[in-house]
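This report concerns only the one structure given below.
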Amino acid sequence: RGQVLQDLLWERDGFCASASNPLLRVSVAQKLGGYDPDVKTGEDFHFYLRLSREWLIEFTRELVVSVRQHDGPRLFGASDERIRTEQRVLQEFADVMAPALRARYLKKIGGKHVRMGNGREGRRVLCQAIALSPLDGEAWGQLAVSFLGKKTYTRAHDWVLAAKRRRFLTST
């Protein structure tokens with residue numbers, strides 16, 4: 001409720017997870033120019049960030065949308081498009097991002113590069129994250145595992161995501 005830009009940037013809010021959730025005035029969407037046609041993946045997330053920069057957000061505790069969780073394929077888009085979206089968020093919202101938050105996006109970008117088989121670029125980006133947040137153990141771990149190759153890195157990434165998901169499900 002209120003100014004939620006930081007919560008959205010940190011992805012602390014389920015609001016950004018589904019285009020089914022928001023209800024907003026047409027005039028607001030028009031003022032923002034709607035979805036940015038240059039953003040091919042994560043366009044709803046990018047739109048919500050732009051929205052929350054300009055307006056306060058309200059919510060209802062009433063359940064209005066039910067989303068089914070599953071382990072099957074998702075509509076995430078290609079990794080290279082996701083990298084472009086994350087780079088764009090970094091650029092457009094740099095003025096409100098603390099170093100640790102910028103490092104978080106760089107870790108996401110670097111990890112995607114490694115999982116796509118571009119370890120050198122991934123390590124370059126991960127080193128940028130470490131420069132911003134030198135005590136970030138996750139960034140150092142990502143960098144170390146990146147030297148073990150795409151396959152090992154991807155397995156480690158999937159294992160960490162599954163562990164985070166299990167921890168989230170047991171804490172809610």
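List of remarks:
- Considering the stretch 1-42, and only residues there that are in contact with a Leu (Cβ under 9 Å, 6 or more places away or on another chain) and of a type in the set (Phe, Trp, Tyr), the residue that is modelled with the highest pLDDT turns out to be Trp10.
- Matching option when the condition is under 21 Å from Met97 (Cα atoms) and either surrounded by 13 or more Cβ atoms within 10 Å (Cβ to Cβ) or among the charged types (D, E, K, R) (or both), among Val125, Val145: Val125
- Any hit, the stretch 122-137, residues being assigned to a helix (DSSP H, G or I), of a type in the set (A, V, I, L, M) and free of Cβ contacts under 8 Å to residues at least 12 places away in the same chain: yes
- Count of the stretch 148-169 residues which are closer than 23 Å to Arg120 by Cα and surrounded by 11 or more Cβ atoms within 10 Å (Cβ to Cβ): 11
- Restricted to the stretch 20-55, and to residues there that are among the β-branched types (Val, Ile, Thr) and open to solvent by less than 30 Å² (accessible area, probe 1.4 Å), the residue that is farthest from Val89 (Cα to Cα) is Val28.
The values are calculated or read from the model by the stated rules, or taken from the named source; none is laboratory data. Keep in mind that this is a model prediction, so the values were computed, not measured. Quick reminder, even Gly has a Cβ in these numbers, built from the backbone with ideal geometry, and neighbours come from all protein chains shown. Protein only, heavy atoms only, side chains kept; ligands, DNA and RNA dropped before computing areas. Shrake-Rupley method; radii C 1.70, N 1.55, O 1.52, S 1.80 Å.
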